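Step one of this worksheet: look at the structure below.
The values are calculated or read from the model by the stated rules, or taken from the named source; none is laboratory data. Just so it is clear, the model here is predicted, and its values are computed rather than measured. Note that we place each Cβ from the backbone using ideal geometry, even for glycine, and neighbour counts take in every protein chain shown. Please note that ligands, DNA and RNA were not included when accessible areas were found on the heavy atoms of the full protein model with its side chains. Shrake-Rupley method; radii C 1.70, N 1.55, O 1.52, S 1.80 Å.
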Amino acid sequence: MLVAGIKTVNGLTVKQMQQLRKALPQDTTLIMVAKNKLIGKAIEGTEWEEALKPALKGMNSWLFVHTEEIPGALKPYRDLQKELKLENYFTGVVFEGKFYTPD
């Protein structure tokens, strides 16, 4: 499983978010807007708690992807990013229990 935080302030508009949702693999990928406090409560006491904690900053959308669908889920985001000339809006990614910075 891959979990990625995506900045929503000065990032994607509602229309762009809807466009992205439609482009993602439907059965194995979920993107949602949720308060960091709610995500923090949901992962409290799980293997995700320490790994995801650095991404719980600012306003985020959250991308949840089953491992086998990672390329199929990231491609629509990257395509939209190129099309709209957006910066890298990831606040961080957790994959296989390890946190990766936006860089």
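Okay, here's what the table says:
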item: Only listed residue being over 22 Å from T101 (Cβ atoms) and assigned to a helix (DSSP H, G or I), chosen from R78, R21; result: R21
item: Matching entry among Y100, Y77 (being within 22 Å of L12 (Cα to Cα) and in contact with a strand residue (DSSP E or B) (Cβ under 7 Å, 6 or more places away or on another chain)); result: Y100
item: Segment 82-103 residues that are among the polar types (S, T, N, Q), paired with ones that are open to solvent by 50 Å² or more (accessible area, probe 1.4 Å) and in a strand (DSSP E or B) (beta carbon under 7 Å, 6 or more apart); result: T91/K7
item: Meets criteria (out of contact with any helix residue (DSSP H, G or I) (no Cβ under 9 Å at 6 or more places or on another chain), among the hydrophobic types (A, V, I, L, M, F, W, C) and either open to solvent by less than 30 Å² (accessible area, probe 1.4 Å) or under 18 Å from L24 (Cβ atoms) (or both)) for L74; result: yes
item: Selection from segment 31-54 of residues that are surrounded by fewer than 16 Cβ atoms within 10 Å (Cβ to Cβ) and assigned to a strand (DSSP E or B); result: M32, V33
